[in-house]
Structure formats: C-alpha cells, structure tokens
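Participant: Would you mind keeping the following structure in view while I ask a few things?
The values are calculated or read from the model by the stated rules, or taken from the named source; none is laboratory data. Everything numeric here is computed off the predicted structure, so don't read it as measured data. Methodologically, a virtual Cβ is constructed for each residue, glycine included, from the backbone with ideal geometry; neighbour enumeration extends over all protein chains shown. Heads up: the accessible areas ignore ligands, DNA and RNA and are worked out on the full protein's heavy atoms, side chains in. Shrake-Rupley method; radii C 1.70, N 1.55, O 1.52, S 1.80 Å.
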Amino acid sequence: MRAALAPGVRLLRALPRDSRYRGLTLVLTFLSYTSYHLSRKPISIVKSQLHPNCSALGPNPHNDSNSSTWCSWAPFDGDNYKELFGALDNAFLVAYAIGMFISGIFGERLPLRYYLSGGMVLSGLFTALFGLGYFWDIHVLWYFIVVQVCNGLVQTTGWPAVVACVGNWFGKGKRGLIMGIWNSHTSVGNILGSLIAGAWVSSAWGLSFVVPGIIIATVGIICFFFLVEYPEDVDCSPPLHHVSCADSQGACQSSADHSNSPKEPAEEPEAISFLGALRIPGVVEFSLCLLFAKLVSYTFLYWLPLYIVNVAHFGAKEAGDLSTLFDVGGILGGIFAGLISDYTGGRATTCCVMLVVAAPMLFLYNHVGQNGIGTSIAMLIICGALVNGPYALITTAVSADLGTHESLKGNAKALSTVTAIIDGTGSVGAALGPLLAGLISPTGWNNVFYMLIAADVLACLLLARVVVKEARGWCGYMARQRGY
C-alpha cells in the first residue's frame, strides 16, 4: 500500500505558484546573508584566544620564563596587540566599504545568481584561510591582513544581490514587515557565528573560521542551483513596486502589469549610472543617515563583549553570550520598524523616532545597565532594538523602495546600485565606529557612549528634510479626507 502524500508536500501544492517561489527566494536569501554574518563573527570571539591572560594558566611549561604572554599567538603577543586587532578589523571594514561602491555596479551587469554564489564561495575560501593560519603555524601579520582585505572585498557581493532578489519578488505594500522579519538574518548570523566560533575557540581556534567558511561556501552552492532572480523567469507575476494615482478619486495604476495578455518582449533597460542613482530623491539622505547608524551598530558589534568584561567583570565567554541579547533586540527592532513604517508609510519618520529614543537609552545603559543581570538583559534588548531597527529598515525596505522609485519609470535595474551606495556609505561608518572606540576608550567608556549618542543625533538630523516631506504628505492626505 502506498502512503498518503506527505503533509508538507500537500501544503506546498495548495499554495499558489507565486507564493512558492517567493517563499523559496526568502528562505535562500535569508540563509545566504545569515551565513555572511556567521562568517564575520569569529574574529571578535577569537581575539581573546590570540592574546589571553597567560599568567592565569601558570608558568610556561616549555621553559622557566615568567612571561605573561607565553600562550599568546604571535604576532599578537606584544603590548601593541590592541592596535593589531584594530588593524585586522579595519582591514576588513575599509575594504568592505570601498568594495561596496563598486559591487552594486557589477551586480547590475552580471546575473545575480552567479554573482551571489561566486562571492559566497570566495568568502568561504578566505574565511577558512584565516583559520588555516592556525594549522599552518603562520605568525606573520601581513598574511592575516591580506586575508581580511580579500574577504572584505568579496563579501560585498552579498548585500546588493540579496536585497535586489527580494526587491524583485516583493512589492511595496508589505515590504517593510516582510523585510523586517527577513532582516533578522543579520542577528541570527551573529548569534550562530558566536556559538560556532565559541565551540572551538579554546581547543583549536582555527576551526572557528574553517567551519563557518565551509558553511557559507555550501550555502553559496545551494543558491547557484535553486535561486530565481526574477518572477518573469518562472512565469510568475511581477510585484507592485509603486502606485501612481491619476485622479482625485484614487484611480490608480500599478507600475507592474499583471494582465495575462500576451506581450511583446520589451527591450531590457540599461543599468543606471552611479551619479544617476545618487539623483534619486532620498538616496543621499538615507545613505548619510546609515553612516552614523551603522557606526553605532558596529561599535557595539566589535566592542560590546569587551565593555561587559571591563565594566560588569564577567568572564569572556559569559560576556560573549550576554552580548548576543543586543542582536536579539535587533531582530525585534527590525520587525517593529518594518511594521510601523508599512502602516504609516513613513520610513524616515520611523527611523527618526527610534534614533531619538535610542540616544537617552544608550546613556541609561552606560550608567545603570550593569546594576544587576536583569537590568543588563532588559537594557541590552531595548538598546539593540532601537539601534538596529533604523539600520535594518534603511538597508532593506528603504533601499528597495528607492531602487524601484517611480522616477525610474519601471527600470528596476537600479536596485543593486542603490543598495550598494546606501550600504557602502553605511560601511564607512562601520569602519569608523570601532576605530574611534579604540581611540577613545582609553579616556573612559563614558566618552565612547557620548560619541555613540552624538552619532545617533546626527543620523536623526540628516533625515530632517525627508521627515518634513512625509509630514506634509500626511497633512495633505488629511486635508483631502476632510474635503478641503
């Protein structure tokens, strides 16, 4: 007797064809960028093992030396180890920031599936090469710097490609909520990266890089075989990107034609230029806002565990585990920002309000956040939501909105370039934040938090013009509703 069809298969068959492919696109792009962040996280976990407190392990078993750095990994065994760690961070971040401005241009001109999967395989290779330095007994700084630079460059293939794919499949209506949930891949990747790297950091830290490298390369191969770039490639309906209303009664026409009538094949639009993308209304404002928002987010990413160790006096592992709560808050903040911005139609206003509230919350976390484990947990989640909510909204829904802006007259080929410009500008802040924190932290952690609060305020101010425009739109809508 043959068994009945599996429940999961029956569910898939019951779903419309468009929904099946949209779901597949969401899952594959989610897994892709989860693996990108998973492969970036090990460096922050392994730092403590490259320069541990050797005196706690007793005397050097190989000789009678009383050196407190006998167990450290050269070249990170000197007094300048913090500067060398900063060099590793900035080698990746600066290369990433520079490469991102170029990446979107290539992404518009190459098949996204090839571009994404190829970048993931190369990212896996360079991530693994850093860890292989442990097994190959490499102790020269230039090796690790070169690997970080190469990895930073190839990782720029990820964000423009995945946002472009999701933007191609999902229209503006529910884009904020869908992308808010989807953007949790950033925090999920950070959390998984911390746990995976932590599993081997004390025994063989090289595996903390090799295993994530294998994971991202494997996911890249899966994307090569299954990712669908455009709905039209599998005879699905294109999404509604924006609506233009022709009269006061609200007769609207979507930018995507959903009719089933046969169409003549249209000439493929040309990819937009870099300057052309900058002329799209809102691109410059949101790009500069993201610079300061990402500065705050990445400072927490690279320095939060050390801050918890120094201020709350937790151990390295406990501090790393506690720091993941910031990413848990980031998941909630991204979903909340997407939901509210969909409901109100005010992407900039949503970001601005969250940034305004984030500033006093950062001040409170620095002053009362370590008064008990319960307070610390609550403040980390709240700060993570408020800091990462605007960051998530700008890099996902806002980028997709601007990349399919009505001024482009249906040319969606700008999506990858716009995404790369916005995230590339933000990546400048991602490089500056940890660097400034390293320079300021010797003067006291209070000064680091003052720097972060100032960055939040600047991010908010840069959106003032767009917020005013949204407010005028709401006022005009209310006036029309009242018949004025």
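Participant: Which whole-number value in Å² is the accessible area per residue of the stretch 108-223, probe 1.4 Å?
Facilitator: 35 Å²
Participant: Read phi for every residue in the stretch 459-468 and hand back ³J(HN,Hα) as whole Hz from Karplus 6.51 cos²θ - 1.76 cosθ + 1.60, θ = phi - 60°, with x for Gly and Pro.
Facilitator: With coefficients 6.51, -1.76 and 1.60, one gets 4, 5, 4, 5, 9, 4, 5, 5, 5, 4 Hz.
Participant: Also, quick follow-up: Only loop residues by DSSP count here, and only those with at most 15 other Cβ atoms within 10 Å; note down the chymotrypsin sites (Phe, Trp or Tyr not before Pro) in the stretch 66-156 that meet that.
Facilitator: Of the chymotrypsin sites (Phe, Trp or Tyr not before Pro), the ones in loops of the stretch 66-156 whose Cβ has at most 15 other Cβ atoms within 10 Å are 136.
Participant: Round to a whole angstrom and tell me the spacing of the C-alpha centers of the stretch 138-165 and the stretch 465-484.
Facilitator: Between the Cα centre of the stretch 138-165 and that of the stretch 465-484, the gap is 45 Å.
Participant: Another question, if that's okay. Where a ≥ b ≥ c are the square roots of the eigenvalues of the C-alpha gyration tensor, would you call the stretch 108-200 rounded, which needs a/c under 1.5, or, failing that, prolate if a/b is larger than b/c, or oblate?
Facilitator: oblate
Participant: For labels at residue 110 and residue 146 in the simple 7 Å Cα→Cβ model, what's the distance in nm?
Facilitator: 2.2 nm
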